[in-house]
Amino acid sequence: MDLFNKQIWFQSFGSGSSGNCYFIGNQEHGILIDAGLSARTTRKNLKNMGLDVKNIRAIFITHDHTDHIKGVVGLGEHFLIPVFATPQTHTGIENNYSVVRTLDRSKRFLNKEQSINIEDFRITAFPVLHDSADSVGYCIEFCGKIFTFATDLGVIGNDAAKYLQSADYIILEANYDNEMLRNGTYTLALQNRIRANTGHLSNEQTGVFLAENFSQKWQKIFLCHLSEENNTKELAVQTVREWLLKNNKFKENEVEIVALNRKSPSKLYVF
Ligand SMILES: [Zn+2]
Ligand SMILES: [Zn+2]
């Protein structure tokens, strides 16, 4: 079997403070990054792809905020899907008000920078800064391609930068537009929390990073975790595009920039 000729499927089921969940795999099997939608909604989304929870080999949690873990017990314990997270994130999940039952049979630990293999997926967690118990991004190698997920982070540190640079496909946060946040309804205290190093990435931060670190390996850039109050898909794509255009290696027709829907699934991308 030639792993490099197999299809890769990618779909976001939801991205943002209402719930985050991403599928990567193919028609045979897959993994989920985060379980921030209910088990019921996640199953419905899988069904729309022609899949079932039985096709999910594992769930990888980025951090213990409710929008990333709401469905974790319903999926993990109910359907016995292994739920991988760092030890501190598992403690955070246990302490989260939205989690009524603890993870038991589905609980699995992982450590940052220690890759694990599940069938033909190779998964590496790397540290990111955020106001949670502990936070990681994920680098997923599958069928010869690298997907790097980095969501909910205030700055792009060296670890995240390394994995983003080596990716073929990037899923990176673009949470807010500077002007919209400044002129919106959020209190100054909340604005400052979002802007902090342990908060979220702005469109501009993401654009600057991508422009300064542009790699010709990049095939697609998915912008994720857009704020409902302080961003629009158009602004996020436009800001990131404007920054990327400052790097003359970036060719607009070669790398598509996609802002993921907040509350509805993206289309199914087949690579
Ligand atoms: Zn979040
Ligand atoms: Zn968060």
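The values are calculated or read from the model by the stated rules, or taken from the named source; none is laboratory data. Predicted, not measured: the structure shown is a model, and the values here were computed from it. Positions of Cβ are generated from backbone atoms using ideal geometry, with glycine treated the same way; all protein chains shown enter the neighbour counts. Just so you know, the surface numbers come from the protein's heavy atoms only, side chains and all, with ligands and any DNA or RNA stripped out. Shrake-Rupley method; radii C 1.70, N 1.55, O 1.52, S 1.80 Å.
Loop sites only, by DSSP: take the GluC sites (Glu not before Pro) in the chain that have at most 15 other C-beta atoms within 10 Å and name the longest stretch containing none of them.
Within the chain, the longest run free of exposed GluC sites (Glu not before Pro) spans 120-227.
Given the -39500 (n - 2.57) contribution per DSSP H run of 4+ residues, what per-residue ellipticity at 222 nm results for the chain, rounded to the nearest 500 deg cm²/dmol? Intermediate values should be presented prior to the final figure.
Values: 9 runs with 76 residues, N = 271.
Estimated from H runs of four or more residues: -7500 deg cm²/dmol.
Summing +1 for each Lys or Arg and -1 for each Asp or Glu, what net charge is found among the other residues whose Cβ lies under 14 Å from the Cβ of Lys112?
Local charge sum for Lys112: -2.
Less than 18 Å apart at the alpha-carbon level, and either on another chain or at least 8 residues along: which aspartates and glutamates does that give for Lys251?
Asp168, Glu212, Glu242
Label 7 Å along Cα→Cβ of Val270; segment 22-50 residues with amide nitrogen under 11 Å?
27, by backbone N distance to the label point.
Cα centroids of segment 102-120 and segment 34-78: how far apart, whole angstrom?
Between the Cα centres of segment 102-120 and segment 34-78 lies a distance of 15 Å.
Given a cut-off of 31 Å, name the pairs among Lys6/Lys47; Lys145/Lys233; Lys6/Lys54; Lys44/Lys249; Lys6/Lys246; Lys70/Lys145 whose C-alpha atoms lie farther apart than that in the structure shown. Working shown, then result.
Working: Lys6/Lys47 21 Å; Lys145/Lys233 26 Å; Lys6/Lys54 20 Å; Lys44/Lys249 41 Å; Lys6/Lys246 35 Å; Lys70/Lys145 29 Å.
Checking Cα-Cα distances, Lys44/Lys249; Lys6/Lys246 exceed 31 Å.
In what order, largest first, do Trp243, Trp218, Trp9 sit by accessible area if the probe radius is 1.4 Å? Working shown, then result.
On the way: Trp243 70, Trp218 5, Trp9 30 Å².
Largest to smallest exposure gives the sequence Trp243, Trp9, Trp218.
May I ask what percent, to the nearest 5, of DSSP beta bridges between residues of segment 142-260 are antiparallel?
Looking only at bridges with both residues in segment 142-260, the antiparallel portion is about 5 percent.
Determine the dipole magnitude for segment 1-58: charges of +1 sit on the beta-carbon of Lys and Arg, -1 on that of Asp and Glu, nothing else is charged, the reference point is the Cα centre, and the result goes in debye to the nearest 20.
Dipole of segment 1-58, to the nearest 20 debye: 240 debye.
Tell me, what is the 1.4 Å probe accessible area of Arg105, in Å² to the nearest 10?
Here the residue's solvent-accessible area equals roughly 150 Å².
Taking the Cα centre of the chain as origin, sum charge times position over the Cβ atoms of Lys and Arg (+1) and Asp and Glu (-1), and report the length of that vector in debye to the nearest 20.
The calculated dipole for the chain is roughly 540 debye.
How much accessible area does Phe209 have with a 1.4 Å probe, in Å² rounded to the nearest 10?
In the full protein context, Phe209 sits at about 20 Å².
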